[in-house]
Amino acid sequence: MTTQVAQKVKNFIGGEWVEAKTDKTEPVYNPATGEIIAHVPISTTEELDKAVKIAAEAFETWKDEPVPKRARILFKYQQLLVDHWDELARLITIENGKNFTEAHGEVLRGIECVEFAAGAPSLMMGEQLPSIAKGLDSGVYRYPIGVIGGITPFNFPMMVPTWMFPLAIVTGNTFVLKPSERTPLLANRLAELMEEAGLPKGVLNIVHGAHDVVNGMLDHQDIAAISFVGSQPVAEYVYKRGTANLKRVQALAGAKNHSIVLRDANLDNASTQILNAAFGSAGERCMACSVVAVDETVADEFIEQLVKKANEVTIGNGLDDGIFLGPVIRKEHKERTLQYIESGEDEGATLIRDGRNDKSAQDGGYFVGPTIFDHVTSEMKIWQDEIFAPVLSISRVSNLEEAIELSNKSPFANGSCIFTNDGGSVQTFRENIDAGMLGVNIGVPAPMAFFPFSGWKNSFYGDLHANGKDGLQFYTRKKVVTGRWV
Ligand code: NAD
């Protein structure tokens with residue numbers, strides 16, 4: 001592994017591991033201990049330009065490689081990821097903080113993306129119509145688009161990059177990835193394994209950094225498309241600047257996901273699922289449940305069960321056995337979370353479980369215990385903003401219609417879940433809720449490789465989502481050929 005403890009993280013350009021020329025670096029912390037585990041370079045646009053130039057050159061040959069040959073590299077890659085599963089999961093836990101079991105699950109999500117992409121020979125097939133007029137046939141052929149720029153967040157160091165580069169590459173594009181500067185290590189390991197799988201030099205490149213590299217990508221005339229995943233303001237900015245420069249852009253943004261618990265729900269299941277969805281991965285999931293609208297007739301019972309389960313949550317270093325709740329990503333993020341908890345109290349919500357009091361919340365890492373507010377209204381900041389931490393808001397409602405109306409006030413619309421045993425309620429929910437990823441009696445309707453990750457409203461900017469057939473279309477363009485042969 002080239003990613004050594006407290007070493008300066010290297011860029012990967014043209015198949016070489018190169019030290020960034022810049023002296024500007026940021027520390028990478030293990031959020032469970034506060035220890036510095038590496039230094040990430042804040043690369044310059046000069047380094048980005050070099051990577052893009054090499055990726056553009058590599059595109060000229062890579063695009064002509066037969067599709068099955070490109071796919072075969074991904075088959076090899078899939079096997080390598082499986083072989084290194086535990087090691088990858090461990091690295092995710094060390095740099096991100098989520099517990100080892102969750103990290104293991106994240107690796108699985110990444111492997112599924114590679115498996116989906118390895119189906120490229122079928123996915124890239126065109127369509128033909130032999131007689132659009134007498135003796136005239138017509139058909140559609142699919143082609144790559146060029147160099148793709150990928151910009152990724154800290155919360156899924158493996159899953160989010162693998163939404164992007166395997167599918168982009170197997171369809172014949174070349175790729176420049178800028179991983180989150182807070183979790184850069186796993187990205188390098190993914191590239192090392194790609195090298196081992198036999199990917200030609202220059203097809204996948206990594207330039208570590210922050211705003212300069214992002215802006216350089218958005219303005220670069222040789223980058224054809226941008227895949228972005230991150231917070232809402234940055235997603236909007238990336239979409240506007242990228243499209244102003246006439247690029248294809250898909251920008252997956254922040255969220256505030258709502259769950260609805262109806263009076264006929266199985267409350268044991270609902271409280272367990274919502275506990276996992278709200279506090280799993282320390283609430284740092286774009287599909288985390290952060291607001292619950294619960295029917296007032298079962299609210300007390302639901303809350304009692306939820307708080308009881310929250311009191312049993314184990315908090316600590318995600319590498320230790322049996323730990324459920326790891327740290328949030330940085331000290332500043334913990335402080336921001338504590339400010340939100342104060343604001344919830346100031347605005348009149350009832351704090352029924354205070355995660356600041358958990359013993360581990362005072363230890364070396366950036367821990368916040370499960371925090372639950374009751375009687376939250378849509379006027380409060382804790383209802384409106386994405387806190388991205390283990391803080392859950394509960395509102396009491398009198399029926400499904402009121403719950404849907406409340407939820408639809410949010411400008412975010414990644415996901416929403418309903419807990420009920422009534423098919424009619426599920427149908428009403430499905431037809432009226434403003435969200436793209438829906439769950440029924442589950443807490444996290446997780447994005448899968450084979451379906452689009454369908455965020456709505458301010459949770460997504462663009463036309464074609466990540467993953468599935470949307471992802472394939474985003475990374476390809478078409479030729480329609482019409483011909484008379486006799
Ligand atoms: P972030 O927006 O801070 O960073 C994302 C990327 O953008 C990083 O690579 C970062 O370097 C870059 N960046 C940040 N600020 C920038 C700026 N001003 N100019 C240019 N580039 C900038 O997001 P994060 O904190 O790393 O990740 C968490 C966020 O991502 C949450 O809002 C979460 O909901 C969202 N997310 C969304 C999805 C989804 O599918 N919708 C998935 C995962 C995460």
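Annotations
- Listed by first and then second residue, the pairs linking a residue in region 210-225 that is in the same structural domain as VAL249 (by the TED database) to a residue that is acidic (Asp, Glu), with Cβ atoms under 6 Å apart and 6 or more places separating them unless they lie on different chains, are ALA210/GLU181.
- Of all residues assigned to region 169-177, none qualifies as being closer than 28 Å to ARG330 by Cβ and surrounded by fewer than 18 Cβ atoms within 10 Å (Cβ to Cβ).
- Per the conditions (1) outside any strand (DSSP E or B); (2) within 22 Å of GLY110 (Cα to Cα), the sole criterion not satisfied by PHE228 is (1).
- All of GLY316, GLY280, GLY326, GLY322 fail the test of being more than 16 Å from the ligand (Cβ to nearest atom), closer than 23 Å to ALA89 by Cα and surrounded by 18 or more Cβ atoms within 10 Å (Cβ to Cβ), apart from GLY316.
- Tallying residues that are within 12 Å of the ligand (Cβ to nearest atom) and free of Cβ contacts under 8 Å to residues at least 40 places away in the same chain within region 439-481 yields 2.
- Cross-chain or 6+ apart pairs with Cβ under 9 Å, region 29-47 first and at pLDDT below 95, then among the aromatic types (Phe, Trp, Tyr): none
- When PHE75, PHE12 are screened for being in contact with a helix residue (DSSP H, G or I) (Cβ under 7 Å, 6 or more places away or on another chain) and within 28 Å of PHE100 (Cα to Cα), only PHE12 passes.
- Remark: pairs (first residue in region 52-70, buried (at least 19 other Cβ atoms within 10 Å of the Cβ); second residue assigned to a helix (DSSP H, G or I); Cβ separation under 6 Å; 6+ apart in sequence or on different chains) = ARG70/VAL170.
- Selection of region 322-370 for residues being among the hydroxyl-bearing types (Ser, Thr, Tyr) and modelled with pLDDT of 95 or more yields THR337, TYR340, SER343, THR350, TYR366.
- Screening region 371-486 for helices (runs of 4 or more DSSP H) wholly inside it with 3 or more residues that are outside the structural domain of GLN339 (by the TED database) returns the ranges 468-474.
- Only strands (runs of 3 or more DSSP E) whose full extent lies in region 133-209 are considered here, and none of them has at least 2 residues that are at pLDDT below 95, of a type in the set (Val, Ile, Thr) and in the same structural domain as LEU464 (by the TED database).
- Options ALA265, ALA235, ALA253; residue that is within 12 Å of the ligand (Cβ to nearest atom) and in contact with a Ser or Thr (Cβ under 6 Å, 6 or more places away or on another chain): ALA253
- ALA89 being among the hydrophobic types (A, V, I, L, M, F, W, C), away from the ligand (no atom under 16 Å from the Cβ), in the same structural domain as GLU35 (by the TED database) and under 17 Å from ASN467 (Cα atoms): no
- The single condition among (1) touching a helix residue (DSSP H, G or I) at 6+ places or on another chain (Cβ under 9 Å); (2) on the phi > 0 side of the Ramachandran plot that GLY135 does not meet is (1).
The values are calculated or read from the model by the stated rules, or taken from the named source; none is laboratory data. This one's a predicted model, so the numbers in the text were calculated from it and none came from an experiment. We place every Cβ from the backbone using ideal geometry, glycine too, and count neighbours over all the protein chains shown.
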